[in-house]
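J.: Before anything else, here's the structure in question.
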Amino acid sequence: MKIAVSIAALAAALMISPAMAQQAPAPTAAEADAFLAKAEKAMFDHSLISSRAAWINSTYISDDSDAVAAYFGAIGTTMTVDYALEAAKYATAPGLSVETKRRLDLLRTALTLPAPTTPGAAQQLNDLSTRLQSTYGKGKGTLNGQPINGSDIEEKMGSSRNPQELKEMWLSWHDNVGAPMRGDYAKLVDIANAGAKELGFADTGAMWRSKYDMPADDFAKLTDKIWAEVKPLYDELHCYTRTKLNEKYGAEVQPTTGPIRADLLGNMWAQEWGNIYDVVAPAGAGDLGFDVGELLKAKGFVETRPDQVDGPDTPEKQRRGYWEKQMFKIGEGFYSSLGLEPLPATFWDRTQFIKPLDREVVCHASAWDLDNKDDLRVKMCTKINSDDFVTIHHELGHNYYQRAYNKHPYLYLDGANDGFHEAIGDFVALSITPDYLVKIGLLDAAKVPGADKDLGLLLRQAMDKVAFLPFGLLIDKWRWGVFDGSIPQDKMQEGWTDLRLQYQGIIPPAPRDETKFDAGGKYHIPGNTPYTRYFLARILQFQFYEAACKQAGWKGPLHRCSFYGNKDVGAKLNAMLEMGASKPWPDALQTFTGSRNISGRAMTAYFAPLQKWLIAQNKGKSCGW
Ligand code: X8Z
Ligand code: ZN
């Protein structure tokens, strides 16, 4: 069949005059700049209201707040898709500045979940994503048959050493929270993929991989290359940990060979294993003599009881959230010691420090900047333990970054890449050394572990930092596969379990079939937060830390270095933070570290003595799975 379309008909369809259709003039560089200014203003203005709707939704989940958040989210999606499509028109304008090109590119990849321009698609996508996130927030597991909420079950997975209890919590969480999301998630994938295609990407995963100042395929290769650098260290840690778990629980629970049972590692997702340090601690060098959570409690920090109600006469120090807030004050103190401005008063008024008594919230910690300026907040259900002490520094890293780049145009209000954003607070938290804890009065000088405890300190750190690496990588290996169809929608569970086995060497405590959706039990899947950022951050934070310790003139073993109080480091850090997303990330990396390459070398150097020791411990064992 031949289709004939006249210029006049085409012009009518496009609502332009026939003369324009014949010779639509190429846009000029000035028009591209005017377009960007208009788009940035509209997106900035919209974000002021939509981020407030999202905050309310996350801190007060209800059908109504879901509807309001999805409503504003859909307007934002539609607006950004329209601008991203329009940006393509200007991309080839002659004489564009480097800056203009960069902002047009950033606009094209700005959305995490794009929708197609089909009427109703943006609303449907936002309805789905809001519902998924709220389902996660309201999620409960069981312990001894009783319901237990997300933040409590997370804590209990860290402290329980009872394999029956652990199995119950793991299975109930994944069954109750993950499995019901399966249908919604599949629909969301289809809509987002249709949106990504309209924007010129093969699928949503390809769009996510296009945000790193290099071709998408090169980025995927880069992550594999970094993984190859650090995998030998992970393999030794896996082997050693499996031996210790076998010694503790016996072969019935944890065999000497093969994968590790996922619920035994002190974390619901087996992503960080530091909570079972007591199980793996080496004889002699194992007792570090302190745990930050215990130190805080010994100093009188009292965790808010879930059922605690304040009255008008309750003294300040006994009010809900008082001590959790003080943990944030310690975190702020670190950043202030580097010369960064204190947090604004509104931070202390508006932050959600603890889980509220009377409503459902999304407990997974996050850092917010509500006005793209200085309305900074954290949303967290803080517990008084060492995990959350680190998480506080992590979240504050986001807030200080947000404030440092707040003078830029809208499209530059972001990290150099998302891995940078995730790395800042973690890099700061690497400075929480025994000597630092003495300086801030949490640890007695006499209790600082000596050099004979170096291996123990490194192992404690590796259980969190090294154990995380394959997890940090596989989440998006799974999602990229679901987006590009190499993991079909009727095999989403199998694809997940396979990747968990392949990369982490872990298996679920009971067989899983395709009625399940274990991926949904991890916040970032229903929350639609790309995850490769955390893999990058795990690597980058050691590069930042090595550089900061060098700037500070540190001479001892790297893991004992704390740059607390060093204003030179702070000034240099701020120079990188202030850049925001205005320059390609290698420029930002160079500003702080002198290097333009992301590499696992700094991390493997930090852990080199431990790796040597682990190899010796594992001698004669058949490692791997
Ligand atoms: O999600 C987070 C932060 C929020 S940006 C608490 N993290 C990842 C996770 O919990 O899975 C920090 C480490 C990895
Ligand atoms: Zn983060």
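Where a number appears in this text, it was derived from the coordinates with a stated rule and is not lab data. Remember, predicted model here, so these are calculated numbers, not experimental data. Cβ atoms come from the backbone with ideal geometry, glycine included; neighbour counts cover every protein chain shown.
J.: Would you mention how many residues in the stretch 255-298 are over 21 Å from the mean Cα position of the chain (by Cα) and of a type in the set (Phe, Trp, Tyr)?
T.: 2
J.: Taking the residues in the stretch 114-158 that are in a loop (DSSP other than H, G, I, E, B) and within 24 Å of the chain's Cα centre (by Cα) as candidates, determine which candidate is nearest to residue 360 (Cα to Cα).
T.: 139
J.: Within the stretch 355-367, how many residues turn out to be in contact with a Lys or Arg (Cβ under 8 Å, 6 or more places away or on another chain) and surrounded by fewer than 21 Cβ atoms within 10 Å (Cβ to Cβ)?
T.: Looking only at that region, the number is 4.
J.: Now for a different question. Check residue 126 against each of (1) without any contact (Cβ under 8 Å) to a residue 40 or more places away in the chain; (2) within 30 Å of residue 89 (Cβ to Cβ); (3) not small (Gly, Ala, Ser) and name the one condition it does not meet.
T.: It fails just one condition, (1).
J.: Those residues that are loosely packed, with under 13 Cβ neighbours inside 10 Å and in a loop (DSSP other than H, G, I, E, B), I need them from the stretch 307-329; list them, please.
T.: Of everything in the stretch 307-329, those that are loosely packed, with under 13 Cβ neighbours inside 10 Å and in a loop (DSSP other than H, G, I, E, B) turn out to be 307, 309, 311, 312, 313, 315.
J.: Of everything in the stretch 417-426 that's more than 11 Å from ligand 1 (Cβ to nearest atom) and in contact with a Lys or Arg (Cβ under 7 Å, 6 or more places away or on another chain), which residue is nearest to residue 334 (Cα to Cα)?
T.: Among them, the one singled out is 419.
J.: Let me ask another. So residue 94 ticks every box in (1) assigned to a helix (DSSP H, G or I); (2) surrounded by fewer than 21 Cβ atoms within 10 Å (Cβ to Cβ); (3) not acidic (Asp, Glu) but one. Which box is left unticked?
T.: (1)
J.: Now for a different question. Return yes when residue 499 is crowded, with 22+ Cβ neighbours inside 10 Å and part of a helix (DSSP H, G or I) and no when it is not.
T.: no
J.: So, one more: Being touching a Pro at 6+ places or on another chain (Cβ under 8 Å), closer than 18 Å to residue 437 by Cβ and touching a residue at least 12 places away in the same chain (Cβ under 8 Å) is the requirement here; does residue 289 meet it?
T.: Here the answer is yes, as residue 289 does meet what is asked.
J.: Shifting gears a bit: Kindly provide the set of residues from the stretch 577-624 that are on the phi > 0 side of the Ramachandran plot and over 21 Å from the mean Cα position of the chain (by Cα), ordered by number.
T.: 594, 620, 624, listed by residue number.
J.: Would you be able to say whether some residue in the stretch 254-264 is without any contact (Cβ under 8 Å) to a residue 60 or more places away in the chain and crowded, with 18+ Cβ neighbours inside 10 Å?
T.: yes
J.: Could you tell me whether any residue of the stretch 456-479 is more than 16 Å from ligand 2 (Cβ to nearest atom), over 24 Å from the mean Cα position of the chain (by Cα) and closer than 27 Å to residue 251 by Cα?
T.: So far as the stretch 456-479 goes, yes, one or more of its residues are more than 16 Å from ligand 2 (Cβ to nearest atom), over 24 Å from the mean Cα position of the chain (by Cα) and closer than 27 Å to residue 251 by Cα.
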